[in-house]
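In what follows, a single structure is set out as structure tokens and then discussed.
The values are calculated or read from the model by the stated rules, or taken from the named source; none is laboratory data. Just so it is clear, the structure is predicted and the values come from calculations on it, not from any experiment. Neighbour counts run over all protein chains shown; Cβ positions are idealised from the backbone, glycine included. Note: accessible area is taken over every heavy atom of the protein model, side chains too, but ligands, DNA and RNA are not part of it. Shrake-Rupley method; radii C 1.70, N 1.55, O 1.52, S 1.80 Å.
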Amino acid sequence: MVKRLLFWLVLFSIAAPLPTLLAQDNSVILTLAVPSWREDVFGDPELFSGFQAEHPGVKVVLVPSDNNTYYPPAAYGIEEHLDGAETYASSADVLYVSTENLSLEATRAGFFLDLTPLAAGDPDLNPEDFFQSAYDSFRWERGLWALPVSMDVQIVIYDLEAFDAAGLEYPNESWTLDDYANADRLLTEHSEDGEVTRLGLALFGSDRYLLRSLLDHGFYDATTVPEQPKFTDADTEALLTNFIQYQEEELLGGASVGSIDSNAIPLQIAGIFQLNQTFRPAGQGEKDAALLPGGTAGLRVEGFAVSGGTRQPELAYELVKYLSAEPRAVNAFFGASPARRSMVGVTSENDDLVILRPELSAEQQTLIDRALENAIPASEMRYTDYIVQAINSVRNEDKELASALTEAEVQAAENLQIAADRRGTTVIAVPTPVPTPVLAVGEVSLNFGVTMFINPLPNQDRWDQVVADFTATDPEVRQIVIETNISPTFTQLTESLDCFYLPFNNTNADDLDTVLSLDPFLDADFNFDESDVIGNIMIQVTRDNRIWAYPLSMQPGVLWYQSQLFQDAGVPAPENGWTTDSFADALRRLKIDPDSPVPFQPREFGGNYILMLAAAYGGLPIDYRTTPMTINFTDPANVEALRQVLDLAKEGYIQYTQLATFSGGGGGGGSDIPIYNETLSPFSFSSFRFQGENQPDNPYRITTYPAGSQYTPVTYTIGTAYISATTPRPEACYRWISTLAQYPDLFLAMPVRRSQLDKPEVNSALGTDLTDFYATYEAMLNAPNIIEFPSIFGGGNTSVGDYITQFWLNRAMDRYVLEDGDLDTELADAETFARDYQTCIADIPPFDPANFTNQREQLRYVRQYLECATSVDPSMASVLPSLPDDE
């Protein structure tokens, strides 16, 4: 559990589902839609106790927002934008909004309520309590469309050492576009063949902030009512002409590059989290910040709006106002500051929510304070999507700038008219929540959680059908409420759900006593055949001679190869796997010339793929079969195996990015990648290239990692189901879980039962027939020399200490591949550090959930592992997370 806490801290995605309570009396119900990753905060009824005390008889109900929160910008498809905004505005009375999803077009269409009359008549609302830039961000066309809650500034972040090495002055608010282009030119690094190896400046969509800061006006005509788009004035054309010229020189975001470590880019326009030293790789300089030209900053604001279809506008407004001043709601987002001045530094009593904001120096905090005061309101960024489109038209379609701007201006005006027309033809209606069914005596409802990395469920209709069939025939279950979210804590799931599914194995958790052993249920289930479960999966869900989880799915790590490229190069297709020799031969033959794409481009972060390939070559520098893991970086066989793999990277056959960071490795992208790795499940973070009926021309085919004569490496995660120890309905949960086992296609993953491997309806659930691959993979799992590596998606026997220990091996490999270091020396140094670290953490007592009841206490426990790392190797302080203050 502690390892997973550290993982989610890295991803800034701490969330856990809590059950939604529906009123069954005559009280007034207000519905609230928030992003799924914050339902852990807003799903807690205690959050609204103050509001309900002020408004007796009013209940706040959280409704799932699924993926309705975000939709395409208007500039990229007005109908799709309006359809998305209409769907979202119809989902709840009060809605989470941000500068990304609350648009002029949506308010022109009448989807959101203008709060101006309510705010103007409210003696308790003090607009001056808000930072003016945040308050103005949701104001346009004489309307107030939301109240802001949290704000983040977009500022200039730069690497001090990189600037010093280039002999450049540090950025300041007097810089011009020419200064930024010059810095980009001097900071960009190239390989011997001229390829960009490090960008000097990264904009990553923040070019609009830079451009707007260099103008003294927005992209609209302030003299018209309502304000109309205006892109064709002389100042705008002059600035954009200069900007496009620099982009043609491959500056200011104009360079075409492959995979580049964004952390290493010395000049960026980004949010304050880029100032944090948490993710600074070893060797990267300290970062500092400056304001944008004119002493300004870009601004991203989050807040709450009221649906244009609410039946309770006054109460909905009161809820919006309440949330803007409720500490837990305000601190639920990762902004630089609350939007209200009075909320800065405020936390609620007994609040264990960790506020993940970077630690800043006094000087940096002063700069952030200036940025908050002087930021360009998001409302002043109206129409920038159209400006970006015009720029792309000039660069990609050889249009004249004046013509492109005129076309964009006309399109923006037409889109506004389309939106206005919607107001007269569309009725927004917020539905009243469907009440929980009234259950007869002896009938029950189950709360079942499906923790996953995508939301909503991609096959929701299939789930609905299985639920309907089960509740129609089960002797007592008449309702199943499916909760779908990402959760970092096992205990939170067991406290809020009757039973649940995880896309990984959690039977090594420290808080396993919060779930029930399944042995009594399995012993009484004559339909369960343990011998039908493939591999050693049943052993993996067993601890202390008891079975704690029901295996439902399997997500193997696989390789995809572009079959047409293999055919063109005369390389045999690895349909049934390959050896190390055939793998290396394929890499060399696929690299036809220096301009050919790198043959193997890992897409998943981390160095797992290197360790697996090294195992195929006969080396095990890390052996995960023991607890703690066994390290042996300097054994000659291990050194030679690593050298063979890493030399393929040095020679350009394997794309290699720095591993010694929390987000290191991976990054492969683009079209026609010859070979890449992926976890075979949509529950992973990657997308897929299936060849099936819907994509008949897709040339990608699936295969395994290479197998060696000594070791056959595999990596996979098993999806598992658990029954909470506190549920009053354990037998009903088991019946439901055992029913799910009959439908492995629900999980869009590989079945765990041999009897299901050849079922067409199961093996085509991912869009292609995987029967042959499943057979090959199952055979590999039965190989006598199989070596299992932990999946990047959790589970297994790895701990926080194991997770950190691998950093030294990753650093040694980085120095060999990227800095041409001596591999033997680097591995010897890495082993010394790793062994000293293992000695240090051996004194840390086992994690006891009873002693660490909230996130702050858990962070104190994790900090012991980090302090051990820096005590044996002080340079690790620049690599490991600097956890939030626990005081």
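Some values worked out for this structure:
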| quantity | calculated |
| --- | --- |
| Filter pass, residue 35 being at pLDDT below 95, of a type outside the set (Val, Ile, Thr), within 24 Å of residue 377 (Cα to Cα) and open to solvent by 10 Å² or more (accessible area, probe 1.4 Å) | no |
| Some residue of the range 303-325 being on the phi < 0 side of the Ramachandran plot, part of a strand (DSSP E or B) and either acidic (Asp, Glu) or in contact with an Asp or Glu (Cβ under 8 Å, 6 or more places away or on another chain) (or both) | yes |
| Evaluation of residue 334 against (1) more than 25 Å from the chain's Cα centre (by Cα); (2) of a type in the set (Phe, Trp, Tyr); (3) open to solvent by 10 Å² or more (accessible area, probe 1.4 Å) (one fails), failing number | (1) |
| Hits in the range 695-729 (condition: out of contact with any helix residue (DSSP H, G or I) (no Cβ under 7 Å at 6 or more places or on another chain), open to solvent by 10 Å² or more (accessible area, probe 1.4 Å) and more than 26 Å from residue 600 (Cα to Cα)) | 728, 729 |
| Some residue of the range 102-120 being part of a helix (DSSP H, G or I) and under 26 Å from residue 482 (Cβ atoms) | no |
| Residue match in the range 378-391 (condition: over 19 Å from residue 104 (Cβ atoms) and surrounded by fewer than 17 Cβ atoms within 10 Å (Cβ to Cβ)) | no |
| Residue within the range 601-612 that is at pLDDT 90 or above, surrounded by fewer than 20 Cβ atoms within 10 Å (Cβ to Cβ) and not in a helix (DSSP H, G or I) present | no |
| Only one of 550, 609 that is touching a residue at least 24 places away in the same chain (Cβ under 8 Å), within 23 Å of residue 656 (Cβ to Cβ) and of a type in the set (Ser, Thr, Tyr) | 609 |
| Selection from the range 558-585 of residues that are open to solvent by 10 Å² or more (accessible area, probe 1.4 Å), of a type outside the set (A, V, I, L, M) and more than 17 Å from residue 596 (Cβ to Cβ) | 572, 575, 576, 577, 578, 579, 580, 581, 582 |
| Restricting the range 310-323 to residues that are touching a helix residue (DSSP H, G or I) at 6+ places or on another chain (Cβ under 7 Å) and surrounded by 19 or more Cβ atoms within 10 Å (Cβ to Cβ), the residue that is nearest to residue 149 (Cα to Cα) | 323 |
| Residues (charged (D, E, K, R) and surrounded by fewer than 14 Cβ atoms within 10 Å (Cβ to Cβ)) located in the range 396-435 | 397, 398, 400, 414, 421 |
| Complete set of residues in the range 147-197 that are hydrophobic (A, V, I, L, M, F, W, C) and at positive phi | none |
| Any chance residue 176 is surrounded by fewer than 21 Cβ atoms within 10 Å (Cβ to Cβ) and either without any contact (Cβ under 8 Å) to a residue 60 or more places away in the chain or under 30 Å from residue 331 (Cβ atoms) (or both) | no |
| Subset of the range 467-486 (residues that are of a type in the set (Val, Ile, Thr), surrounded by fewer than 18 Cβ atoms within 10 Å (Cβ to Cβ) and modelled with pLDDT of 90 or more) | 473 |
| Only listed residue being at pLDDT below 80, buried (at least 17 other Cβ atoms within 10 Å of the Cβ) and not in a loop (DSSP other than H, G, I, E, B), chosen from 274, 268, 284 | 274 |
| Exclusive hit being among the hydrophobic types (A, V, I, L, M, F, W, C), surrounded by fewer than 17 Cβ atoms within 10 Å (Cβ to Cβ) and at pLDDT 90 or above, set 641, 637, 616, 649 | 637 |
| Residue in the range 630-648 that is in a loop (DSSP other than H, G, I, E, B) and within 30 Å of the chain's Cα centre (by Cα) present | no |
| Total residues in the range 798-841, condition aliphatic (A, V, I, L, M) and out of contact with any Gly (no Cβ under 9 Å at 6 or more places or on another chain) | 9 |
| Breaking point among (1) more than 32 Å from the chain's Cα centre (by Cα); (2) within 30 Å of residue 737 (Cβ to Cβ), for residue 447 | (1) |
| Candidates 223, 232, filtered to the one that is in contact with a Ser or Thr (Cβ under 8 Å, 6 or more places away or on another chain), more than 26 Å from residue 295 (Cβ to Cβ) and either in contact (Cβ under 8 Å) with a residue 12 or more places away in the chain or hydroxyl-bearing (Ser, Thr, Tyr) (or both) | 232 |
| The range 362-377, residues that are within 28 Å of the chain's Cα centre (by Cα) and either open to solvent by less than 30 Å² (accessible area, probe 1.4 Å) or among the hydroxyl-bearing types (Ser, Thr, Tyr) (or both) | 364, 368, 371, 372, 375, 376, 377 |
| Scan of the range 525-571 for residues that are of a type in the set (D, E, K, R) and in a helix (DSSP H, G or I), ordered by number | 530, 532, 568 |
| Selected residue (only one of 788, 831 is part of a strand (DSSP E or B) and either touching a helix residue (DSSP H, G or I) at 6+ places or on another chain (Cβ under 9 Å) or within 23 Å of residue 644 (Cα to Cα) (or both)) | 788 |
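The rows are residues; the columns are (1) under 27 Å from the mean Cα position of the chain (by Cα); (2) open to solvent by 20 Å² or more (accessible area, probe 1.4 Å).
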| residue | (1), (2) |
| --- | --- |
| 162 | no, no |
| 192 | no, yes |
| 200 | yes, no |
| 213 | no, no |
| 220 | no, yes |
| 243 | no, no |
